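J.: Can you keep this structure in mind? I'll have questions shortly.
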Amino acid sequence: MYCTKKITEDLVWVGANDRRLAMFEGVYAVPDGVSYNSYLLKDEKTVLFDTVDAAVGPLFFENIAHELGGRALDYAVIHHMEPDHAATLDGLLLHYPDVTVVCSQKIKNMIGQFFDFGDKIRYQIVAEGDVLETGRHSLTFVMAPMVHWPEVMVSFDTTTGTLFSADAFGAFGALNGAIFADEVDFWRDYLDEARRYYTNIVGKYGPQVQALLKKAAGLDIKMICPLHGFVWREEIGRFVEYYDKWSRYEPEEAGVVIPYASVYGHTEIAAEILSSRLREKGIKTVMYDVSVTHASYIIAAIFRWSHAVFASTTYNAGVFVSMEELLMDLKAHNIQNRTVAFIENGSWAPTSGRLMKELVSGCKNMRILDETLTLKSALKEAQLAEIDALAEAIAASFAPAPAAEEAPKKKVWVCSVCGYEHEYDGDELPADFRCPLCKRGPEFFKVKEA
Ligand code: FEO
């Protein structure tokens, strides 16, 4: 049986939902499921946009067959080769051996890495700005490297103003019978999972998302069809604003996230009292036990809020294991521009504060408050004044920081292929320099304009 959703007269969703998947990418719990979106354009030529994860392959092929109604499948546009979208490409070629796969050279190379199709596949290779006419519709291809893999491209139907955005503008969560974001209360019920999806899946690549947003700003977008989550046809600008903030690493709101690691509860009670003191000052707070809540939720929260206080016991002379993992994960996701403070605990040699500070110092533009609270085993009545002082310092930090003497800015070189930014003050990058993301040499870099 099939289950498709009409989007416009010519466009239909032929994807599927997965509510059995425990861990997306083997890392991220998806308690509300996930959708794998694929779209079929029924024009004079038929065009499929991406395939789906292997887990939902049978329904996907039923959907395509039903919607084609005996017509041939002329084109399959492949935007992204991650297997949650491309794993069923081999099945597609078995069902539709005459289909022409439309993709970039990079995607073709990656198809060769995942599959052994040999010459049993027909390609139409496209580059930035190339156009595919399908009858009433005209598709323009735009490269979007590192949103979320290096080969990613998006396509824009200039006839209808529809952006097929690959992973961008996606969200965790099954669609539950709806297809458009405006059919549900997205801001109340789905924004948190959209944020968790963005920050954990694409969050590391803010500059590359900014590059895509700049390209998108030149398009008259009336609809966005992502590879996960809802199709957007209303309030597109509002969702784009969130993407703009997230990819610039700007907090959405003023408030304090307090992730804590506490073996016997002594560090936790200090965090509780701090949270209470901050609330008394009218400051919003949210607390997480890092041993209970998965890092993906805490990372999303730290992208949302302006401040974080990390509270951890010392463990094996280091930072408690789940807190250390969180901080390393934060660095890996490129978090920047936050104000942070620390609470450390240790019964004989509290070192977690210094070590957490070292880990956080690896992130860009972090303002670290001096008032680290040190506990030796348990908080004592006499130390409540120190918690008050820490709360006071955090409250004071919400006021704009006094103008510091600005450090001389370094020259920033931007890779024209993938958007990677590299700080280097010389007039030319060294000849042996290579972009760590796309491996291009110095000839592909330009100095970023101020
Ligand atoms: Fe949904 Fe990067 O794959």
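The values are calculated or read from the model by the stated rules, or taken from the named source; none is laboratory data. No experiment lies behind these values; they were computed from the predicted model shown. Cβ placement follows ideal geometry from the backbone for every residue including glycine, while neighbour counts extend to all protein chains displayed.
J.: How many residues are within 16 Å of the ligand (Cβ to nearest atom), among the aliphatic types (A, V, I, L, M) and not in a strand (DSSP E or B) when one looks only at the range 208-234? Break it down into steps so the answer makes sense when it comes.
T.: Of the residues in the range 208-234, the ones within 16 Å of the ligand (Cβ to nearest atom) are 208-209, 212, 224-231.
Now drop any that are not among the aliphatic types (A, V, I, L, M), which leaves 209, 212, 224, 227, 231.
Going one step further and asking which of them are not in a strand (DSSP E or B), we end up with 209, 212, 227.
Matching residues across the range 208-234 total 3.
J.: Right, next: For the range 225-250, which residues satisfy the criterion of being hydroxyl-bearing (Ser, Thr, Tyr) and out of contact with any Asp or Glu (no Cβ under 8 Å at 6 or more places or on another chain)? Can you show your working first?
T.: The first filter runs over the range 225-250 and keeps only residues hydroxyl-bearing (Ser, Thr, Tyr), leaving 242-243, 247, 249.
Answer for the range 225-250, where residues must be hydroxyl-bearing (Ser, Thr, Tyr) and out of contact with any Asp or Glu (no Cβ under 8 Å at 6 or more places or on another chain): TYR243, SER247, TYR249.
J.: Separate question: Can you tell me which of GLY173, GLY161, GLY177 is over 30 Å from PRO436 (Cα atoms), in contact with an Asp or Glu (Cβ under 6 Å, 6 or more places away or on another chain) and surrounded by fewer than 18 Cβ atoms within 10 Å (Cβ to Cβ)? Walk me through how you get there before you give the answer.
T.: Values: GLY173 fails: surrounded by fewer than 18 Cβ atoms within 10 Å (Cβ to Cβ); GLY177 fails: in contact with an Asp or Glu (Cβ under 6 Å, 6 or more places away or on another chain).
After applying the criteria, what remains is GLY161.
J.: If you don't mind, there's one more thing I want to ask. Quick one: count up the residues across the range 336-368 that are assigned to a loop (DSSP other than H, G, I, E, B) and hydroxyl-bearing (Ser, Thr, Tyr).
T.: Filtering the range 336-368 down to residues assigned to a loop (DSSP other than H, G, I, E, B) leaves 336-338, 346-351, 362-366.
If we keep only those that are hydroxyl-bearing (Ser, Thr, Tyr) too, we end up with 347, 351.
Of the residues in the range 336-368, 2 are assigned to a loop (DSSP other than H, G, I, E, B) and hydroxyl-bearing (Ser, Thr, Tyr).
J.: Restricting the search to the range 1-49, which residues are aromatic (Phe, Trp, Tyr) and within 20 Å of the chain's Cα centre (by Cα)? Can you show your working first?
T.: Narrowing the range 1-49 to residues aromatic (Phe, Trp, Tyr): 2, 13, 24, 28, 36, 39, 49.
Scanning the range 1-49 gives PHE24, TYR28, TYR36.
J.: Same structure again: Please verify whether ASP10 is of a type in the set (Asp, Glu), touching a Ser or Thr at 6+ places or on another chain (Cβ under 9 Å), within 26 Å of GLU234 (Cβ to Cβ) and away from the ligand (no atom under 12 Å from the Cβ), treating the condition exactly as stated.
T.: Values: of a type in the set (Asp, Glu): yes; touching a Ser or Thr at 6+ places or on another chain (Cβ under 9 Å): yes; within 26 Å of GLU234 (Cβ to Cβ): yes; away from the ligand (no atom under 12 Å from the Cβ): yes.
The answer is yes for ASP10.
J.: Go through the range 27-57 and give me each residue that's out of contact with any helix residue (DSSP H, G or I) (no Cβ under 8 Å at 6 or more places or on another chain), in a loop (DSSP other than H, G, I, E, B) and either under 22 Å from ASP74 (Cβ atoms) or at pLDDT below 95 (or both).
T.: Matches in the range 27-57: ASN37, ASP43, GLU44, LYS45.
J.: Across the range 77-91, which residue is surrounded by the fewest Cβ atoms within 10 Å (Cβ to Cβ) among those that are within 12 Å of the ligand (Cβ to nearest atom) and of a type in the set (Asp, Glu)?
T.: The residue in question is GLU82.
J.: Every residue in the range 44-59 that is touching a Ser or Thr at 6+ places or on another chain (Cβ under 6 Å), surrounded by 21 or more Cβ atoms within 10 Å (Cβ to Cβ) and within 17 Å of ASP90 (Cβ to Cβ), please.
T.: ASP50, THR51, VAL52
J.: Continuing with the same structure: Working only within the range 141-188, note down all residues that are away from the ligand (no atom under 13 Å from the Cβ), among the β-branched types (Val, Ile, Thr) and closer than 16 Å to LYS214 by Cα.
T.: Scanning the range 141-188 gives a single hit, VAL142.
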